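A.B. asks: Structure provided below as C-alpha cells; questions to follow.
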Amino acid sequence: METHDAGLGCEVLEPGAAPAGAADAGHRPPAARVRALAAGPLPVLVRCEADDEAESTALVALYAWLGARLFTTGHPRSARQALDMVASVAGGRPPAAVRRGLA
C-alpha cells in the first residue's frame, strides 16, 4: 500500500487490495454511490482496474473529484499524476508548473 497525499489524503493500492475500515464502492460505481459513501465517516475505495491506462487514469481522476480516497489500479504512476491534477484543480496544492499567457 502506498500513500500519495496530494492534498487529498489518497492512497493508490494494488489490484485486489481490500483495506480494513474502508467503504468499498466496487468497480466503476455510479457517481451518486461514490458521493453518498464519501459523505459517510469511512474512506471510500474504488476499483479502477482497466487494461487501458488512459481509461484507468480518467476513472481515478473522476472518483477522486467525487470524494473517493482509496484506489486500486494496475497503473499507479499515472494514477498518482491524476491525483496531483485533481488536488491542484481543487485548490489543495499548487500546480507543478505555473505559466502565464500574455496575449
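Every number in this text was worked out from the coordinates using simple rules, so none of it is lab data. Just so it is clear, the model here is predicted, and its values are computed rather than measured. Don't worry about glycine lacking a Cβ; one is built from the backbone with ideal geometry, like all the others, and counts go over all protein chains shown.
A.B. asks: When residues of region 49-103 are filtered for being surrounded by 22 or more Cβ atoms within 10 Å (Cβ to Cβ) and on the phi > 0 side of the Ramachandran plot, how many remain?
C.D. replies: Result for region 49-103: 0.
A.B. asks: Say we look at region 22-56 and pick out the residues that are assigned to a loop (DSSP other than H, G, I, E, B) and under 13 Å from the mean Cα position of the chain (by Cα); which of these is nearest to residue 11 (Cα to Cα)?
C.D. replies: First, pick out the residues of region 22-56 that are assigned to a loop (DSSP other than H, G, I, E, B): 22, 28-30, 39-43, 48-52.
Adding the requirement that they be under 13 Å from the mean Cα position of the chain (by Cα) leaves 28, 43, 48-49.
Working: 28: 17, 43: 10, 48: 13, 49: 15 Å.
By that ranking, first place goes to 43.
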